[in-house]
Structures are given as structure tokens and as C-alpha cells.
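The values are calculated or read from the model by the stated rules, or taken from the named source; none is laboratory data. Source: prediction; values computed, not measured. So basically every Cβ, Gly included, is an ideal-geometry build from the backbone, and we count neighbours across all protein chains shown. Heavy atoms of the whole protein, side chains included, go into the accessibility calculation; ligands, DNA and RNA do not. Shrake-Rupley method; radii C 1.70, N 1.55, O 1.52, S 1.80 Å.
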Amino acid sequence: ATFQLHPGLPASSQQLAIEGIVADGQRWATLRLVVDGTPIAVAHQANRLKSRWTLQLGSHRFWLEGEAAAGAKTESSAPATVQVQIFRQDSLP
């Protein structure tokens, strides 16, 4: 997905809602929503996780990772890529 960052709007108004859901619906010992290698939300004994992320210029990767049970191997979802560009007036319809 591609988004545009508008320089005239406050950063708090330019956020994405991010959600990760465990495919089989089972609660995992630990879940993390990760952006570019940094966790932005962590939950324990959960099967879904939500957060908000403030748009930042560039290419970013998002994924869900965690451990199904305490001490289990870390598993990760496939990453989703998001591009954030500076707002361009000529891109409007």
C-alpha cells in the first residue's frame, strides 16, 4: 500500500490502524506487532493485537510475530510493505 504524508497536518492525524490476528484463533503466549524490526505492541495470552502507527516517510515492513507457548520458537507472519511518500497535489484525481 502507498500513503502520502501531508506536511500541513499534525502527525497525530496521520496514523494507520494496525492489527494482527492469529490464523487459527488460538491464544498465544506472546504476540508482537513489529514495524521495521521494532515491536510497537505486545500482548500475552492473546490471539489478536491492535495498535496505531504514525506515518513516516519511506518504505516500511509490518508483521506479527510471537511464541505459541512459553519457550516455543518464535514464528512470524509474512511482512506487509507500506510506502509513505510526501503529499503531491498533482496526485489528486
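Looking at region 60-93, which trypsin sites (Lys or Arg not before Pro) are DSSP coil and have at most 12 other C-beta atoms within 10 Å of their C-beta? Working shown, then result.
Working: sites: Arg61, Lys73, Arg88; in loops: Lys73, Arg88.
Listed in order of number, the matching sites are Lys73, Arg88.
Just to confirm, what accessible area per residue do you get for the chain at 1.4 Å probe, in whole Å²? Display every interim value, and only then the final one.
Values: 5910 Å² over 93 residues.
That works out to 64 Å² for each residue.
Rounded to a whole number, what % of the accessible area of the chain do carbon and sulfur atoms account for, probe 1.4 Å?
53
Over the chain, one equal point on each Cα, no solvent: what is log10 I(q)/I(0) by the Debye formula at q = 0.13, 0.17, 0.23 Å⁻¹?
Scattering profile of the chain, log10 relative to I(0): -0.50, -0.74, -1.10.
Quick one: Debye curve from the alpha-carbon atoms of region 40-82 only, equal weights, vacuum; give me log10 I(q)/I(0) at q = 0.31, 0.33 Å⁻¹ to two decimals.
-1.27, -1.32
Place the peptides 46-52, 31-37 in order of packing, highest mean first, counting for every residue the other Cβ atoms within 10 Å and averaging per peptide.
So the peptides 46-52, 31-37, ranked by packing, come out 31-37, 46-52.
Between the DSSP loop rule and a limit of at most 14 other Cβ atoms within 10 Å, which chymotrypsin sites (Phe, Trp or Tyr not before Pro) in the chain are left? Spell out each step's value before the answer.
On the way: sites: Phe3, Trp28, Trp53, Phe62, Trp63, Phe87; in loops: Phe87.
Passing sites in the chain are Phe87.
If you add up the charges near Thr74, with Lys and Arg at +1 and Asp and Glu at -1, over every other residue whose beta carbon is less than 12 angstrom from its beta carbon, what do you get?
Residues near Thr74 contribute -1 overall.
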